[in-house]
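First the structure, in the form of structure tokens, and then the observations on it.
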Amino acid sequence: MTPIRDIASRVRRRPVFRLATVLALVSGLVLAATGLSACSPAASVSRPTSADEPNFGPNVYVFRPSMPASSIEARINQIARQQAGNQFGTNRYALLFQPGIYGSAAHPLFLQVGYYTSVAGLGASPGDVVINGAVDSFNQCPQPAGASDCTALNNFWRSLSNLTINFPAPLSGASCQRTAEFWAASQASPVRRVEFNGFTSLEDYCSKPGYSSGGFIADSKFSGRRVVSGTQQQFLVRNSTLDGWSNGVWNQVFAGDVGAPAQNFASGGPYTTLATSPVTAEAPVLQVDSTRSYSVFVPAVRHDSAGPSWTGSQQPGRTIALQRFFIAPRATRLRRSTRRWPGDRT
């Protein structure tokens, strides 16, 4: 994969750039191979449309705070049910949220995520998109229902980025799956640039044995409760703020994290802890402003850093208008161009 810094330098030189590449960086999913629209969504799932929005393709959903919360929840969870076990399918989805508040403490949203699905906020900072409720990735359970072999070992190819999740206190009598913000996943399921308020668990303890095998969190913030690592066998957390960490199984690495557990690897424990991250280049962020103008924010490279990049008064970086990008429609043949732009290095 081309380093982010090299991609950023090329964006400066090219008048256009493939949005598919940027969304892959934003979401952590390699959507470029499918042009963001590998195939049409299920016929029963209608796509929100607006005349003043770019045409990102049929599998990219852009939600607005004015939409009924129940409709948003129903649509996303229908996609999740379709994608829950669809590891070898061809559908790819990006679920994008315009700035605003979704759900409330009295009526929270409980959204689920399956294979090949990216959930991302479109704000300039995570606080611009607030979901009161949860965005969950649960264990997969074999059929018949109720079998005792439910794990997250195959929960790949999903991502969460650039928003805030306020998990509410569970109501009396709530089901187990509504007792935490669950992100039970294994490899290729990154969490970037997210603020979690409330109880967050990286293990789905509601079904057993609930094994999970590795994950990645960066540029994020947790508050209100310690993070439950649970059955996670290995994990990497970078440049985040933690309000406690429950445990480790085999090997867990913390680099540039505020509130990380103390290193104990040398004495037989699971933790390797670095006070700072030597060099970090966070993923670009697709965003939209109050005039509904879309752009891509490219965070500045940081050196010897600790904690999230976005918690200061103004995050260093630069903004590139969406008009500078080429949005490849489904029928476009993605091939290397022979045209050379001034200053381009191939």
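The values are calculated or read from the model by the stated rules, or taken from the named source; none is laboratory data. All figures in this text were calculated on a predicted structure; none of them were measured in a lab. We place every Cβ from the backbone using ideal geometry, glycine too, and count neighbours over all the protein chains shown.
Filter the stretch 52-106 for residues that are polar (S, T, N, Q) and under 21 Å from residue 157 (Cα atoms) and give the result.
Our first condition is that a residue be polar (S, T, N, Q); within the stretch 52-106, this holds for 55, 59, 66, 70-71, 77-78, 82-83, 86-87, 90-91, 98, 104.
Once the filter is applied, which keeps residues that are polar (S, T, N, Q) and under 21 Å from residue 157 (Cα atoms), the stretch 52-106 yields 59, 77, 78, 82, 83, 86, 87, 90, 91.
Given the residues 279, 237, 298, which is the only one that is in contact with a Gly (Cβ under 7 Å, 6 or more places away or on another chain) and either at pLDDT 95 or above or in a loop (DSSP other than H, G, I, E, B) (or both)?
Values: 279 fails: in contact with a Gly (Cβ under 7 Å, 6 or more places away or on another chain); 237 fails: in contact with a Gly (Cβ under 7 Å, 6 or more places away or on another chain).
Unique residue meeting the criteria: 298.
Going by the conditions given, is residue 123 under 22 Å from residue 310 (Cβ atoms), part of a loop (DSSP other than H, G, I, E, B) and touching a residue at least 40 places away in the same chain (Cβ under 8 Å)?
Taking the combined requirement at face value, the residue satisfies it.
Give the number of residues within the stretch 65-85 that are basic (Lys, Arg) and surrounded by 16 or more Cβ atoms within 10 Å (Cβ to Cβ).
Kept after step one, since they are basic (Lys, Arg), are these residues of the stretch 65-85: 75, 81.
Narrowing further to those that are surrounded by 16 or more Cβ atoms within 10 Å (Cβ to Cβ): 75.
Total meeting the criteria: 1.
Restricting attention to the stretch 175-204, and to residues there that are polar (S, T, N, Q) and assigned to a loop (DSSP other than H, G, I, E, B), which single residue is farthest from residue 125 (Cα to Cα)?
My answer is 175.
Kindly indicate whether any position in the stretch 136-145 is under 13 Å from the mean Cα position of the chain (by Cα) and either acidic (Asp, Glu) or assigned to a strand (DSSP E or B) (or both).
Just the residues of the stretch 136-145 that are under 13 Å from the mean Cα position of the chain (by Cα), to begin with: 136-137.
Within this subset, residues satisfying the condition of being either acidic (Asp, Glu) or assigned to a strand (DSSP E or B) (or both) are 136-137.
Checked the stretch 136-145: at least one residue is under 13 Å from the mean Cα position of the chain (by Cα) and either acidic (Asp, Glu) or assigned to a strand (DSSP E or B) (or both).
Filter the stretch 214-254 down to residues that are of a type in the set (Gly, Ala, Ser) and more than 15 Å from residue 191 (Cα to Cα) and give me whichever is surrounded by the most Cβ atoms within 10 Å (Cβ to Cβ).
In this case the residue turns out to be 248.
Do we have residue 261 as farther than 26 Å from residue 122 by Cα and not aliphatic (A, V, I, L, M) here?
yes
Residue pairs, Cβ under 9 Å, 6 or more apart or interchain, first in the stretch 289-317 and under 24 Å from residue 56 (Cα atoms) and touching a residue at least 60 places away in the same chain (Cβ under 8 Å), second surrounded by fewer than 16 Cβ atoms within 10 Å (Cβ to Cβ) and of a type in the set (Val, Ile, Thr). List them.
Hits for this filter: 296/319; 297/319; 298/319.
Residue by residue, here is whether (1) assigned to a strand (DSSP E or B); (2) exposed (fewer than 13 other Cβ atoms within 10 Å of the Cβ) holds:
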site: 266; (1), (2): no, yes
site: 269; (1), (2): no, no
site: 286; (1), (2): yes, no
site: 307; (1), (2): no, no
site: 315; (1), (2): no, no
site: 329; (1), (2): no, yes
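Please give the number of the condition residue 233 fails out of (1) farther than 24 Å from residue 306 by Cβ; (2) in contact (Cβ under 8 Å) with a residue 40 or more places away in the chain.
(2)
Going by the structure shown, is residue 253 over 21 Å from the mean Cα position of the chain (by Cα) and of a type outside the set (Asp, Glu)?
So residue 253 fails the test.
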